[in-house]
Amino acid sequence: MNNTNEIVTPHQNPLGFSSAIKAWRARLGEERVCTEQQILSEIGRSCTSKDTLPLAVIFPETLEEVQSVVKLAQINNVPLYPISCGKNWGYGSASPSCANSVVVNLSRMNRIIEVNPELAYAVVEPGVTQQQLYDYLENNHIPLTFDVTGSTPHASLIGNLVERGSGPSRYADHFLNSTAFEVVLGNAKILRTGFESIPGAKTASIFKYGIGPTLDGLFTQSNFGIVTQATIWLMPKPMNFSVLLASFNSDRALIEAAGQLRKLKLSGCLPSAVHIANDLRIGSVLQNFPFGQTLDNRCLNSTERTNLQKKWNISEWNLLASLDGTSKQVRANASAIKDALKGFCKIQICSEKTLNILNKYRVLGRILGQRDLATKLSVLRLMKGVPSSSAVRGTYWRKRKIPENELDPVRDKCGVIWCSPIVPLTSRDLSKFLTTTRQIFADHKIDQNLGVTLLTERACCCTVGIVFDLEDPLESERANNCYHSLVKNLCELGYPPYRLSSNANTEIIYGKDNYFSDVCSAIKQVFDPHKIIAPGKYGIS
Ligand code: ADP
């Protein structure tokens, strides 16, 4: 494995490492401190072709154990890289932010500590997965749901929250809909945020700000501590639920509709996140690259893309959003949306009843080999909070074989790098973003896998997917060059990314002298003076 990460750390101390291993083994037991090379090389691998081999992986199971792990790391000067379930595919997976680190795998801290059906929240540990919370709510007949991401059902809730990830519903912004973090800081002290900091407060899980400065945000996209618990807000299962599907047949149609979409979001007629996926984003979930049937084996030309669209009955851009509330609210919003978007796109509103009927056919579709029906329906069910790994299939676009069993892009050497710029929700900006992005993809001969999510009223959170075959060195090189060119050009246009890989270089984004970076380093000094936690992550050292 290549240790390509170039962050220089003061931790290259083999003596410290072996005494830390001894001490962790004494504290956690042999079985929970792993130094087996094969396991380490699996953990160190990512889908981005930037791999970093850890020195060990350890599995604490309680808050006290995490605290001891950090204390011993401090004493022995060994950097730690916390992961919840390690499925951060396309942003570094479980691979550490710098060389010579020990991965702290929190997947065994997987208790659902509380679900409050009345006030609609769950208090969870970092190892709790999307599937686990879903099953818990279903099995206990709790009529609540939560925002589920398109990642695997085995991804954790806290891993996504601390990276400020998002999903499809009204609660799409995961950080916004969370509170009361419990954190083991790099100095091994325990910090509780919001009202969680006040012993006996009955308000910790229900009011985000607490009193005094709001500190939760410091523990997202940073490296100041290890989050060992958080509250996630839940939603009632919808009284009435409909899915809005709209298809735009060109970039131009989408760009022209930007103003109307913004008005709909600002006026509250479209309360859920709005996902707009291009043909290749959806096509790649439904099939892999048609190797041997194209003019250029590297990417599809426009005729081949039109064929893809026809084959799967999709458009250049495909919008997906959900509507829920009383039947009157759903009808009123649906009618406002139809009026606003008339002339820009084809609209379909699919009621829950229709979805249920279609769902019966889903099983039949699978038996008959109609993957498009089964997959499309899993995506629609995802919007209602049912975890699904359907979208993960998109990472296999450049693979010749797709496993029948559980998908695992790291195991199967799928290449995927996400570039995630924020673009203002205006026609002007969307047009600049699309022109630039499309040109860069064309220059690098890579298929343009694009998504635009209206997470808020004003911003498009774009996900530009660079999907490639990690086993092909030339393709991997083109993918990496494409990523760097995208980041550079989009930053120059004023559209920097909102999320980065664990080991990304941030200088191109912040520049060399930026007071923001200085302040982050100063905070690091307070919370983690020995620079134990994820050195270099988000450029903070
Ligand atoms: P998931 O469980 O969703 O697969 P990961 O475990 O891959 O998420 O983590 C995603 C990112 O968040 C990584 O950069 C990781 O270092 C960071 N992270 C995950 N869990 C924690 C945590 N409990 N505390 C601090 N950082 C975390």
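Just need the relative contact order of the chain here, percent rounded to a whole number, with Cα pairs under 8 Å and 6+ apart.
Relative contact order, the chain: 17 percent.
Over all directions, what mean area does the Cα convex hull of the stretch 250-329 project, stated in square nanometres?
6.8
Which whole-Hz couplings ³J(HN,Hα) result when phi for each residue of the stretch 282-297 is put into the Karplus expression 6.51 cos²θ - 1.76 cosθ + 1.60, θ = phi - 60°, listed in order with x for Gly and Pro?
After applying 6.51 cos²θ - 1.76 cosθ + 1.60, I find 6, x, 6, 7, 8, 7, 9, 4, x, 4, x, 10, 10, 5, 10, 5 Hz.
Tell me what the chain gives for mean residue ellipticity at 222 nm when only DSSP H runs of n ≥ 4 count, each as -39,500 (n - 2.57), the sum divided by the residue total, rounded to 500 deg cm²/dmol.
-11000 deg cm²/dmol
Return a whole-number percent for the relative contact order of the stretch 118-188, with Cα pairs under 8 Å and 6 or more residues apart as the contact set.
RCO, the stretch 118-188: 27 percent.
Tell me, what ³J(HN,Hα) does each residue in the stretch 511-528 have, in order and in whole Hz, if you take phi through Karplus 6.51 cos²θ - 1.76 cosθ + 1.60 with θ = phi - 60° and put x for Gly and Pro?
The phi angles translate into x, 7, 10, 9, 4, 4, 5, 4, 5, 4, 5, 5, 5, 4, 4, 6, 7, 8 Hz.
Could you list 17, 291, 468, 146 so that the one with the fewest beta carbons within 10 Å of its beta carbon is first and the one with the most is last?
Neighbour counts put them in this order, fewest first: 291, 17, 146, 468.
What is the P(r) of the stretch 134-262, as percent of Cα-Cα pairs per 5 Å bin from 0?
For the stretch 134-262, the pair-distance distribution reads 2, 9, 15, 17, 16, 14, 11, 7, 5, 3, 1, 0.
Could you compute how fast the stretch 463-521 diffuses translationally, taking Rh as the Kirkwood radius over C-alpha pairs and applying Stokes-Einstein at 25 °C with viscosity 0.890 mPa s? Give it in µm² per second.
188
For the chain, what are Rg and Dmax over the alpha carbons, in angstrom?
Rg and Dmax of the chain, Cα atoms, are 23.0, 69 Å.
Over all pairs of distinct alpha carbons, what does the Kirkwood formula give as the hydrodynamic radius of the stretch 163-225, in Å?
12.5
Using just the Cα positions, wrap the stretch 38-183 in a convex hull and report its mean projected area in square nanometres, one decimal place.
So the Cα hull casts an average projection of 9.3 nm².
Could you give the angle, 0 to 90 degrees to the nearest 10, between helix 327-341's Cα long axis and the longest principal axis of the Cα atoms of the chain?
The angle comes out near 70 degrees.
Using only the Cα atoms of the stretch 102-172, build the gyration tensor, take square roots of its eigenvalues as a ≥ b ≥ c, and label the shape rounded, prolate or oblate: rounded if a/c is under 1.5, else prolate if a/b is larger than b/c, else oblate.
It comes out oblate by the Cα gyration axes.
Treating the angle as unsigned and between 0 and 90°, give the value, to the nearest 10°, between the Cα long axis of helix 427-444 and the longest Cα principal axis of the chain.
Result, in degrees: 70.
Can you list the residues, at least 5 places off or on another chain, whose amide H is less than 5 Å from the amide H of residue 385, using H built in the peptide plane?
148
I'd like the Karplus ³J(HN,Hα) series for the stretch 265-280: coefficients 6.51, -1.76, 1.60, θ = phi - 60°, whole numbers in Hz, and an x wherever there's a Gly or Pro.
Each residue's phi maps through the Karplus curve to give 5, 5, 7, x, 7, 10, x, 7, 5, 10, 9, 10, 10, 7, 4, 6 Hz.
Since every read-out is calculated from the coordinates, none of them should be taken as a lab result. Small disclaimer: the values here were computed from a predicted structure and weren't measured. No Cβ is skipped: glycine too gets one built from the backbone with ideal geometry, and neighbour counts run over all protein chains shown.
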